[in-house]
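In what follows, a single structure is set out as structure tokens and then discussed.
The values are calculated or read from the model by the stated rules, or taken from the named source; none is laboratory data. Please read these numbers as outputs of a predicted model, since none were measured by experiment. In this analysis, Cβ positions are derived from the backbone assuming ideal geometry, glycine residues included, and neighbour counts consider all displayed protein chains. Ligands, DNA and RNA are excluded from the accessible area calculation, which covers all protein heavy atoms including side chains. Shrake-Rupley method; radii C 1.70, N 1.55, O 1.52, S 1.80 Å.
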Amino acid sequence: MAPSRKSQPDLVFSDQSARRPLITTSAIGAANRRRVLETLHRLGPSSRAQLARSLGVNRATIATILQPLLDSSTLVEGDPVAPSEAGGKPARPLWFRDDGPWLGAVHLSPDFVVAARIAFDGTIHEMNRAEYSRDASADEIIERLHDVTDACFAGVQLVGIGVAAAGMVDTSTGSVISMHLTPGLNGLPVVALLQKRFGTTTLVDHHPRVQALGDRWFGLGREVQDFASVYTGEALGFGIVHGGEVLRGENGAGGESGHTIVQLDGALCRCGRRGCWETVATLGWLRDQAAAAGLRGAESLDSRALAALAEAGSESASSLLDLYARNLAIGIANNEQILAPGHYIMHGDACTGGEAMRVALQTWVTRLAPERGRPPTVMFADDPDQITLLGGAGLVLSSVFSTQA
């Protein structure tokens, strides 16, 4: 006798899973187009055949993926390239238009705001910067924001604007929640301000995550599926990329790696807690240590100056550089224990220390990170000053070609 229906276990679905939409055909198409764009950024101008081989698909599939990008003039065909000696039909390499539509990018820091108008290939065509004091009012900061964005965006066709903001952000409201260094940024509704002014989609995210998108689309992260983009300087932060996607908490929470505890009874941090990573591996700490060691120019010392002093033969500078590298490596090693991205792309102050800092940092990361056969790789960004702006462009690209249904 066949078992009755009552003897079969009931399938129970959570309310959350029942409401989760399936991936739609349009979302799959957007994801494929994003992969094509990422591949072009990695390979440079490429023919359909080259793209098909790199992505592991046939000619018909690549043609289907490419057509909307050609129809929208996101991509254009170059002049025919002569076939190889083996013969064949001349290929027409595909590349990005250099005359718009444009990607807007904004970097909102504790001391300045920069805006840039960027082409799809990552070329910055216009950039404007304005500074403000750390005790500036919200109105002053908004005025500077409008000055630089008007200079870059007024009267041009924008696909969208991506904003990298210092401090804690709420991606659902499009605002800066808190910025300890510059209180005038607290609560700033940056998305609403820019959307109203320019009538285009605007997105904001935490600075290190936007920096990671710059690495992912335009920098050293193009070749890596899993990596951490590390900001160093007056603050510390990680942007984590896993499987090609930037990791985010709900409504943009997380990313405040500088405020993870590395010393329970350590120095008081500006966030109100003790022993944060930022208390032992930022420029403020470095300058205090340099003053205690009697180093020349301690009040404005950075990694560049420290490395120069070490190269000139200062034993105190050499010791401090090694200690700075060790303290930076502590936070990297902790992250490697939790997420193990295996690759760390450094930005900001540490990069100015050159090869001496990179070697010291790699040595300490290798020593402190968990042993898994191959130690994590430390890389210094090629253009650490502009990658955050390129990340703003990447934030727009990741949204336009989102994998979400």
Could you tell me whether the range 332-405 comes out rounded, prolate or oblate from its Cα gyration tensor? Rule is a ≥ b ≥ c as square roots of the eigenvalues, rounded for a/c under 1.5, then prolate if a/b exceeds b/c, otherwise oblate. oblate
Take the Cα coordinates of the range 318-363, assign each an equal point scatterer, and use the Debye formula without solvent to give log10 I(q)/I(0) at q = 0.20, 0.31 Å⁻¹. -0.64, -1.23
Can you tell me the orientation of helix 25-43 relative to the chain, as the angle in degrees between its alpha-carbon axis and the longest Cα principal axis, to the nearest 10? 60 degrees
Using a 1.4 angstrom probe with every protein chain in place, what is the largest-first accessible-area order of TYR132, TYR231, TYR344? TYR231, TYR132, TYR344
What ratio of Cα Rg to 2.2 N^0.38 Å holds for the range 31-80? 1.02
Lys/Arg +1, Asp/Glu -1 at C-beta; the chain dipole; positive extreme among SER54, ALA369, ALA138: SER54
I need the shape label for the range 187-266. Rule: rounded when a/c is under 1.5, else prolate if a/b > b/c, else oblate, with a, b, c from the alpha carbon gyration tensor. oblate
Using only the Cα atoms of the chain, construct the convex hull and provide its projected area averaged over every direction, in square nanometres to one decimal. 29.2 nm²
With the 1.4 Å probe rolled over protein heavy atoms, the range 137-195 has an accessible area per residue in Å² of 38 Å²
Within the chain, helix-based [θ] at 222 nm, where runs of 4 or more DSSP H residues each add -39,500 (n - 2.57), nearest 500: -12000 deg cm²/dmol
Taking every pair of alpha-carbon atoms in the range 55-174, what share in percent sits in each 10 Å bin, from 0 to the bin with the longest distance? 11, 30, 25, 17, 11, 5, 1
The convex hull of the Cα atoms of the range 236-315, divided by residue count, gives a volume in Å³ per residue of 146 Å³
Counting Lys and Arg as +1 and Asp and Glu as -1, each charge on the Cβ, what is the dipole of the chain about the Cα centre in debye, to the nearest 20? 1620 debye
Please report the carbon-and-sulfur percent of the accessible area for the chain; probe 1.4 Å, protein heavy atoms only, DNA, RNA and ligands left out. 50 percent
Within 10 Å, count the other beta carbons around each residue, average over each peptide in 202-215, 176-189, 107-120, and list them highest first. 202-215, 107-120, 176-189
Run through every distinct alpha carbon pair of the range 187-323 and return the Kirkwood hydrodynamic radius in angstroms, one decimal place. 17.4 Å
Convex hull volume per residue for the range 248-405, taking Cα atoms only, in Å³: 151 Å³
The extension gain from LYS196 to PHE112, computed as 0.36 nm times the residue separation minus the Cα-Cα distance, is 28.1 nm
Extension gain (nm, one decimal) between LEU181 and ARG42, 0.36 nm per residue minus Cα-Cα: 46.4 nm
Starting from 0.36 nm per residue, how many nanometres of slack lie between GLU126 and VAL262 once their C-alpha separation is accounted for? 44.8 nm
Using a 1.4 Å probe and counting only protein heavy atoms, arrange MET127, MET346 so the residue with the most accessible area comes first. MET127, MET346
Tell me, what HN-Hα J-couplings in whole Hz come from the Karplus equation 6.51 cos²θ - 1.76 cosθ + 1.60 at θ = phi - 60° for each residue of the range 141-155, using x for Gly and Pro? 5, 4, 4, 5, 4, 5, 4, 6, 6, 4, 5, 9, 10, 4, x
Considering only protein heavy atoms, what per residue accessible area in square angstrom results for the range 318-391 with a 1.4 angstrom probe? 42 Å²
Of the candidates ALA333, SER178, MET346, the farthest towards the positive dipole end of the chain (Lys/Arg Cβ +1, Asp/Glu Cβ -1, centred on the Cα centre) is ALA333
Which values of log₁₀ I(q)/I(0), to two decimal places, follow from the Debye formula for the range 108-236 at q = 0.19 Å⁻¹ with a uniform point scatterer at every Cα? -1.16
Taking Rh as the Kirkwood radius computed over alpha-carbon pairs of the range 108-166 and applying Stokes-Einstein at 20 °C with viscosity 1.002 mPa s, one gets a diffusion coefficient in µm² s⁻¹ of 177 µm²/s
Can you give the local net charge around GLY252? Use residues other than it whose beta-carbon is closer than 13 angstrom to its beta-carbon, Lys and Arg +1, Asp and Glu -1. -2
Tilt, helix 59-71 to longest principal axis of the chain (alpha-carbon atoms), in degrees rounded to tens, equals 70 degrees
Listed peptides 282-289, 140-147, 394-401 by packing density, highest first (mean Cβ within 10 Å): 394-401, 282-289, 140-147
